[in-house]
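Undergrad: Can you read through this structure? Questions will come right after.
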Amino acid sequence: MAKYMLIMRGTDESNAAMMASIDEAMAATGRFIEEMIKAEVLVAAEGLDDPSRGAVVDFGGEVPVVTDGPYGETRELFGGYFLLDVATRREAVEWATRFPAVRGSKLEVRRVAEADEVPGSERI
């Protein structure tokens, strides 16, 4: 088994569309989560707070620069995630395609690296 993260990404427009029907979106997401629990593949799931309450630490210069949200020129925002424990990437993608997403949003599928795959992890 391997862990895969399904990363929810949205735009201002897709987030507004979701908020316009938040009760329906939450009910559909709840059903999706229940399916994953019954299939015993869900490890964790979390949504993130509004980006206006966050900050970005930019390491592009000599010293870190902190910018409070919202993040003006961001085209997509990371809105939350599901962490699955499944046998294959294909299975993770199958789960991702079942997510009740609003038009314009995306769900990125990424395998979580095992500790021994991370360079230098033996020193941590």
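What follows is calculated from the coordinates using simple rules that are stated; it is not laboratory data. Small disclaimer: the values here were computed from a predicted structure and weren't measured. Methodologically, a virtual Cβ is constructed for each residue, glycine included, from the backbone with ideal geometry; neighbour enumeration extends over all protein chains shown.
Undergrad: Suppose every Lys and Arg Cβ carries +1 and every Asp and Glu Cβ carries -1, with no other charges. What dipole size does the stretch 58-122 come out with about its Cα centre, to the nearest 20 debye?
TA: Using only the charged Cβ atoms, the result is roughly 580 debye.
Undergrad: Along the charge dipole of the chain, which of Val57, Val112, Ala28 sits closest to the positive end, that is, farthest toward it, with unit charges on the beta carbon of Lys, Arg, Asp and Glu (+1, +1, -1, -1)?
TA: Ala28
Undergrad: Assign unit charges at the C-beta atoms only (+1 for Lys and Arg, -1 for Asp and Glu), then state the dipole size of the stretch 84-124 relative to its Cα centre in Debye, rounded to the nearest 20.
TA: 380
Undergrad: Another question about this same structure. Tell me, rounded to the nearest percent, the portion of alpha carbon pairs in the stretch 46-98 spaced more than 19 Å apart.
TA: 51
Undergrad: Please state the charge dipole magnitude for the chain, taken about the Cα centre, from unit charges on C-beta atoms (+1 on K and R, -1 on D and E), reported in debye and rounded to the nearest 20.
TA: Details: 14 positive and 23 negative charges, 84 e Å.
Computed charge dipole of the chain: roughly 400 debye.
Undergrad: Give me the percent relative contact order of the chain, please, defined on Cα pairs under 8 angstrom at least 6 residues apart.
TA: 47
Undergrad: I would also like to ask the following. Compute the normalised compactness of the chain: alpha-carbon radius of gyration over 2.2 N^0.38 Å, N being the residue count. Numbers along the way, then the final one.
TA: Numbers: Rg = 16.7 Å, N = 124, 2.2 N^0.38 = 13.7 Å.
That works out to 1.22 for the chain.
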